[in-house]
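Everything below concerns the one structure shown next.
The values are calculated or read from the model by the stated rules, or taken from the named source; none is laboratory data. Every value quoted in this text rests on a predicted model; they were computed, and no experiment measured them. A quick note on method: Cβ atoms are made from the backbone with ideal geometry, for glycine too, and the neighbour counts reach across all protein chains shown. Ligands, DNA and RNA are excluded from the accessible area calculation, which covers all protein heavy atoms including side chains. Shrake-Rupley method; radii C 1.70, N 1.55, O 1.52, S 1.80 Å.
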Amino acid sequence: MLFKQQALLRQKLFVLGSLAIGSLLYLVARVGSLDRLQPLCPIDGRFGPRSQDEIPLRALQFKRGLLHEFRKGNATKEQIRLHNLVQQLPKAIIIGVRKGGTRALLEMLNLHPAVVKASQEIHFFDNDENYAKGIEWYRKKMPFSYPHQITIEKSPAYFITEEVPERIYKMNSSIKLLIIVREPTTRAISDYTQVLEGKERKNKTYYKFEKLAIDPNTCEVNTKYKAVRTSIYTKHLERWLKYFPIEQFHIVDGDRLITEPLPELQLVEKFLNLPPRISQYNLYFNATRGFYCLRFNIVFNKCLAGSKGRIHPEVDTSVITKLRKFFHPFNQKFYQITGRTFNWP
């Protein structure tokens with residue numbers, strides 16, 4: 001009887017020992033895998049000692065946690081004061097271009113722990129009614145952030161609206177301005193596609209792209225069509241240059257941001273004087289969606305809305321050729337002004 005009890009005790013001890021060893025081995029393997037998967041955290045360990053001007057590590061936690069609650073209005077004034085959070089005017093604005101990739105650029109820049117984005121387009125400078133509410137109204141539309149973080153908003157209508165350059169200049173003459181562009185004809189077709197989709201949702205009819213882009217009387221490009229006018233980048237940029245030097249602009253290649261986003265984001269980091277933080281780990285290609293999605297950490301991923309990457313309608317090749325020929329001299333001037341050349345036809 002005693003022998004059986006001893007054997008049973010040894011068996012239980014063996015099982016418990018096996019479980020303990022197994023758990024220990026799992027934890028060792030888990031820690032090792034987490035150590036390999038650290039593109040964002042901890043910042044201090046990856047980039048050496050942190051100076052007083054850099055973002056504290058807890059900023060990462062608040063960006064994904066408490067800051068989200070504060071944006072929803074769930075924070076008390078005491079919580080905001082204790083965490084040293086403020087609503088800052090933007091230090092950089094993505095001013096355009098519509099259908100160039102402004103939303104993708106904003107979301108990708110938000111991967112950086114020193115960047116806080118305004119989730120919605122504010123339309124402060126291009127909307128007379130909003131602008132009349134004053135700069136304090138605009139500031140209160142900004143998200144909560146730490147003083148050392150950069151707030152960025154995007155409203156692509158800014159680029160083409162005549163009053164906007166002067167209005168932004170009056171707010172901050174040294175602000176950094178981001179313009180993201182795509183091949184002009186492709187951008188115009190994408191612009192048309194978005195409007196077409198909106199019409200179809202309301203069961204409304206809409207002209208074909210060819211009829212809008214080409215003047216039926218002259219058979220030339222219709223410069224009164226907004227989608228065409230927006231793609232004449234140099235005309236709009238020249239208006240901005242009356243207020244801001246070219247050094248305050250950074251041109252982002254929207255076509256490259258789709259196929260090879262990291263190099264473009266690294267250029268923006270440099271332009272904004274941000275320490276390099278966005279890595280290839282933060283960007284992964286989603287074969288189902290057909291474009292890159294965002295990885296903030298091992299548990300939080302994000303893809304852009306399903307409306308991104310709409311399939312464009314087929315357009316008559318002769319119309320495409322005519323448009324590209326029309327845009328060509330404007331493109332050449334745009335290259336000359338900005339110092340950046342694109343492989344546009």
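Select from the stretch 254-263 the residues that are within 20 Å of residue 184 (Cα to Cα), in contact with a helix residue (DSSP H, G or I) (Cβ under 7 Å, 6 or more places away or on another chain) and surrounded by fewer than 22 Cβ atoms within 10 Å (Cβ to Cβ) and list them in ascending order.
256
Answer yes or no: is there a residue in the stretch 244-251 that is open to solvent by less than 70 Å² (accessible area, probe 1.4 Å), at pLDDT 95 or above, under 22 Å from residue 98 (Cβ atoms) and of a type in the set (A, V, I, L, M).
Checked the stretch 244-251: at least one residue is open to solvent by less than 70 Å² (accessible area, probe 1.4 Å), at pLDDT 95 or above, under 22 Å from residue 98 (Cβ atoms) and of a type in the set (A, V, I, L, M).
Does residue 234 count as assigned to a helix (DSSP H, G or I), open to solvent by less than 70 Å² (accessible area, probe 1.4 Å), modelled with pLDDT of 95 or more and out of contact with any Ser or Thr (no Cβ under 7 Å at 6 or more places or on another chain)?
Answer is yes for this residue.
Can you pull out the residues in the stretch 200-231 that are of a type in the set (Asp, Glu), open to solvent by 80 Å² or more (accessible area, probe 1.4 Å) and not in a helix (DSSP H, G or I)?
220
Filter the stretch 152-181 down to the residues that are within 11 Å of residue 99 (Cα to Cα) and surrounded by fewer than 24 Cβ atoms within 10 Å (Cβ to Cβ) and list them by number.
156, 157
Taking only pairs six or more apart or across chains, which ones have beta-carbon atoms under 6 Å, a first residue in the stretch 103-120 that is modelled with pLDDT of 95 or more, and a second residue that is hydroxyl-bearing (Ser, Thr, Tyr)?
Close Cβ pairs satisfying both conditions: 116/145; 116/151.
Evaluate the stretch 264-274: report whether one residue or more is modelled with pLDDT under 95, within 17 Å of the chain's Cα centre (by Cα) and loosely packed, with under 15 Cβ neighbours inside 10 Å.
Checked the stretch 264-274: no residue is modelled with pLDDT under 95, within 17 Å of the chain's Cα centre (by Cα) and loosely packed, with under 15 Cβ neighbours inside 10 Å.
Just name the residue that is surrounded by the fewest Cβ atoms within 10 Å (Cβ to Cβ) out of those in the stretch 312-343 that are at pLDDT below 95 and closer than 18 Å to residue 100 by Cβ.
Restricting to residues being at pLDDT below 95 and closer than 18 Å to residue 100 by Cβ, the top hit is 343.
Going through the stretch 193-216 one residue at a time, which ones are touching a residue at least 40 places away in the same chain (Cβ under 8 Å) and among the aromatic types (Phe, Trp, Tyr)?
209
Within the stretch 170-184, is there a residue that is over 21 Å from the mean Cα position of the chain (by Cα) and of a type in the set (Val, Ile, Thr)?
No, the stretch 170-184 contains no residue that is over 21 Å from the mean Cα position of the chain (by Cα) and of a type in the set (Val, Ile, Thr).
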